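Undergrad: Take this structure, written in structure tokens, and hold onto it; I'll ask about it next.
The values are calculated or read from the model by the stated rules, or taken from the named source; none is laboratory data. Nothing here was measured: the structure is a model prediction, and the numbers come from that model. When we count neighbours, we look across all protein chains shown, and the Cβ atoms used for this are built from the backbone with ideal geometry, even at glycine.
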């Protein structure tokens, strides 16, 4: 099995629908569903190239508030959320898959923040991710 790795590494080629469809293959439909849900909520996707990561990453924004990061991988796309020690507890109260809660519990802190990384590979995970987006969006 191929090792998981980030893609979209060319700083001169900004991601667009054609490039994302080619990069994601069969997972592109889930990405399209995700974008539709994000648009319905009035959130914005902002792609930028980051030299430290040597790839394109996308911020999911509510105005200037960063809800999560989206990254494109050879296995699909991932959402990365960052919570404070206080706000991570709300994730455990959501009606989402226990594997996501377990992942949130096991992730090592990054400074004062607690990361949660979710690979979107089916509609159930997509629905759970939207619940987390709603939770994060409603935090003050």
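Undergrad: Quick check on residue 86: is it part of a loop (DSSP other than H, G, I, E, B), without any contact (Cβ under 8 Å) to a residue 60 or more places away in the chain and exposed (fewer than 14 other Cβ atoms within 10 Å of the Cβ)?
TA: yes
Undergrad: For residues that are surrounded by fewer than 12 Cβ atoms within 10 Å (Cβ to Cβ), in a helix (DSSP H, G or I) and modelled with pLDDT of 95 or more, tally how many sit in segment 19-43.
TA: 3
Undergrad: Considering only segment 44-62, state which residues are at pLDDT below 95 and more than 16 Å from residue 80 (Cβ to Cβ).
TA: The answer is 51, 54.
Undergrad: For segment 68-80, indicate whether the set of residues that are without any contact (Cβ under 8 Å) to a residue 12 or more places away in the chain and farther than 22 Å from residue 3 by Cα is non-empty.
TA: No - not one qualifying residue is present in segment 68-80.
Undergrad: Across segment 69-85, which residue is nearest to residue 18 (Cα to Cα) among those that are at pLDDT 95 or above and more than 11 Å from the chain's Cα centre (by Cα)?
TA: That would be 83.
Undergrad: Restricting attention to segment 89-140, which residues are out of contact with any helix residue (DSSP H, G or I) (no Cβ under 8 Å at 6 or more places or on another chain), surrounded by 14 or more Cβ atoms within 10 Å (Cβ to Cβ) and part of a strand (DSSP E or B)?
TA: Correct list: 113, 115.
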